[in-house]
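Here is the structure we will look at.
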């Protein structure tokens with residue numbers, strides 16, 4: 001359990017001789033959160049979601065045992081049960097909109113997502129999001145009647161969000177966490193768009209969206225069985241970049257340093273540090289080739305977001321009627337899910353969420369200078385008031401421009417400017433993160449509009 005002691009924040013921690021002390025390199029609580037993840041609970045949740053027969057967006061809504069209406073009510077009730085166990089720490093709600101006139105939703109359908117918000121203690125309007133998709137489909141995307149169990153796609157992601165809520169609701173964090181079961185993904189990513197719009201209306205500052213879509217299959221159609229890797233997809237340049245921002249980026253760099261891309265780097269580092277036997281493959285693409293997942297509507301609303309999923313897919317187990325043809329089994333059924341693997345990817349989410357929610361406000365208004373000079377100077381704005389209660393200081397990062405991950409860093413304390421002497425700006429990319437006393441840290445923020453996570 002984190003205890004925030006604001007007295008030590010203003011000037012940073014100091015040693016006995018007055019020397020500045022760096023924060024710890026790991027957050028010990030995160031190891032406990034990872035260890036608490038239960039593959040059995042995830043299996044039970046996926047089994048329940050499969051039992052509704054189909055969760056097609058246009059399927060039955062009145063039945064208590066069949067269709068998407070029953071599924072979303074069960075998810076809502078499950079979030080309420082989790083909330084009751086933590087003294088009412090979750091705000092559980094439906095977020096919906098009626099959609100019609102679309103290619104995959106021609107007639108009016110209520111697209112209803114379920115969200116649960118665990119409010120932060122000092123910065124409650126700053127949020128990080130873990131999401132999965134409620135809906136399922138078979139071969140014909142318009143068939144709302146046929147069985148479509150959607151065990152992996154995407155009961156696995158929803159079960160992961162429920163398990164994250166169970167584990168993390170037992171702790172408290174500076175910022176808020178939203179656990180989301182999004183609707184209408186197969187029909188056009190509508191649930192994500194609706195929730196993103198709602199977040200903007202509420203004034204929530206969403207700093208990271210982690211979309212989990214298919215996290216339970218370890219046996220690929222390519223013949224590879226792999227339970228030790230995961231993919232993280234992230235956009236390059238921001239979807240909301242303006243022409244003027246593109247002009248600036250052309251001369252200063254940042255093509256691979258969008259906030260989504262640096263969120264992906266943060267997840268990669270988290271896997272290495274906290275999740276045994278898991279390696280992250282960072283894919284420099286919005287999603288699978290030519291496709292888009294439920295993080296995309298958040299990206300298009302200006303919010304950093306990535307997709308976590310299995311590395312090796314079995315296309316015979318996705319978007320298929322249940323059948324056997326020429327000895328090949330088709331269908332997204334319970335028997336094809338690797339629950340231990342789903343638990344491992346859920347643990348990756350949990351470790352990431354705990355650090356992001358536990359971090360101080362992400363650095364804002366980051367700028368850089370150093371052209372035709374032997375040294376490089378970074379500067380940024382400092383938050384004020386209660387949101388800054390767990391701010392210990394900042395860490396400056398740099399790497400060669402073609403390096404995939406940040407390779408060098410230095411803790412610089414609670415300052416708003418720092419100069420790296422004899423580090424030439426032309427040869428490296430730079431960024432800055434905020435750090436809490438327990439070691440919780442924000443993603444690295446690249447200078448300028450290309451890398452901005454937004455303001456305070």
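One line per residue, one yes/no per condition, for (1) over 23 Å from residue 349 (Cβ atoms); (2) out of contact with any strand residue (DSSP E or B) (no Cβ under 9 Å at 6 or more places or on another chain); (3) outside the structural domain of residue 66 (by TED's automatic domain parsing):
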residue: 139; (1), (2), (3): yes, no, no
residue: 203; (1), (2), (3): yes, no, no
residue: 219; (1), (2), (3): no, no, no
residue: 228; (1), (2), (3): no, no, no
residue: 241; (1), (2), (3): yes, yes, no
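Quick check, is residue 248 part of a loop (DSSP other than H, G, I, E, B) and surrounded by fewer than 21 Cβ atoms within 10 Å (Cβ to Cβ)? Considered against the rule, which asks whether it is part of a loop (DSSP other than H, G, I, E, B) and surrounded by fewer than 21 Cβ atoms within 10 Å (Cβ to Cβ), residue 248 comes out as no. Would you be able to tell me the number of residues in the stretch 359-382 that are surrounded by 19 or more Cβ atoms within 10 Å (Cβ to Cβ) and under 16 Å from residue 436 (Cα atoms)? Number satisfying all stated conditions: 5.
So that you can scan it fast, the table gives a plain yes or no per residue for (1) under 18 Å from residue 174 (Cα atoms); (2) assigned to a loop (DSSP other than H, G, I, E, B); (3) modelled with pLDDT of 95 or more:
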site: 418; (1), (2), (3): no, no, yes
site: 431; (1), (2), (3): no, no, yes
site: 439; (1), (2), (3): yes, yes, yes
site: 447; (1), (2), (3): no, yes, yes
site: 450; (1), (2), (3): no, no, yes
site: 455; (1), (2), (3): yes, yes, yes
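Comparison of 355, 405 shows that the only residue that is touching a helix residue (DSSP H, G or I) at 6+ places or on another chain (Cβ under 8 Å), crowded, with 19+ Cβ neighbours inside 10 Å and at negative phi is 355.
Assess whether residue 179 counts as being within 29 Å of residue 389 (Cα to Cα), touching a strand residue (DSSP E or B) at 6+ places or on another chain (Cβ under 8 Å), surrounded by fewer than 24 Cβ atoms within 10 Å (Cβ to Cβ) and not assigned by TED's automatic domain parsing to the domain that holds residue 388. No, not satisfied. Among strands (runs of 3 or more DSSP E) entirely within the stretch 312-393, having at least 2 residues that are touching a residue at least 40 places away in the same chain (Cβ under 8 Å) singles out 364-369, 376-381.
Tell me whether the stretch 203-216 contains one or more residues that are under 23 Å from residue 66 (Cβ atoms), in contact (Cβ under 8 Å) with a residue 12 or more places away in the chain and either touching a helix residue (DSSP H, G or I) at 6+ places or on another chain (Cβ under 6 Å) or outside any loop (DSSP other than H, G, I, E, B) (or both). Yes, the stretch 203-216 has at least one match. Does residue 389 qualify as being modelled with pLDDT of 95 or more, closer than 25 Å to residue 25 by Cβ and surrounded by fewer than 19 Cβ atoms within 10 Å (Cβ to Cβ)? Judged against the criteria, residue 389 is a match. Within the stretch 15-33, restricting attention to residues that are touching a strand residue (DSSP E or B) at 6+ places or on another chain (Cβ under 9 Å) and buried (at least 18 other Cβ atoms within 10 Å of the Cβ), the residue that is modelled with the highest pLDDT is 27.
Based on what the data block shows, is residue 263 touching a strand residue (DSSP E or B) at 6+ places or on another chain (Cβ under 8 Å) and surrounded by fewer than 24 Cβ atoms within 10 Å (Cβ to Cβ)? Answer is no for this residue.
Of all residues in the stretch 50-90, those being at positive phi and in contact with a helix residue (DSSP H, G or I) (Cβ under 8 Å, 6 or more places away or on another chain) number 1.
Among all positions in the stretch 63-79, there is no residue which is assigned by TED's automatic domain parsing to the domain that holds residue 207, assigned to a strand (DSSP E or B), closer than 19 Å to residue 320 by Cα and in contact with a strand residue (DSSP E or B) (Cβ under 9 Å, 6 or more places away or on another chain). Of the residues 293, 236, the single one that is touching a strand residue (DSSP E or B) at 6+ places or on another chain (Cβ under 9 Å) and part of a loop (DSSP other than H, G, I, E, B) is 293.
Once the stretch 34-55 is narrowed to residues that are surrounded by 24 or more Cβ atoms within 10 Å (Cβ to Cβ) and assigned to a loop (DSSP other than H, G, I, E, B), the residue that is farthest from the chain's Cα centre (by Cα) is 52. Among the residues of the stretch 177-202, which ones are touching a helix residue (DSSP H, G or I) at 6+ places or on another chain (Cβ under 7 Å) and in a strand (DSSP E or B)? Residues satisfying the conditions are 177, 179, 180, 181, 182.
The values are calculated or read from the model by the stated rules, or taken from the named source; none is laboratory data. As the structure is a computational prediction, the values presented were derived from the model and not from experiment. Because the Cβ atoms are built from the backbone with ideal geometry, glycine has one as well, and the counts that use them run over all protein chains shown.
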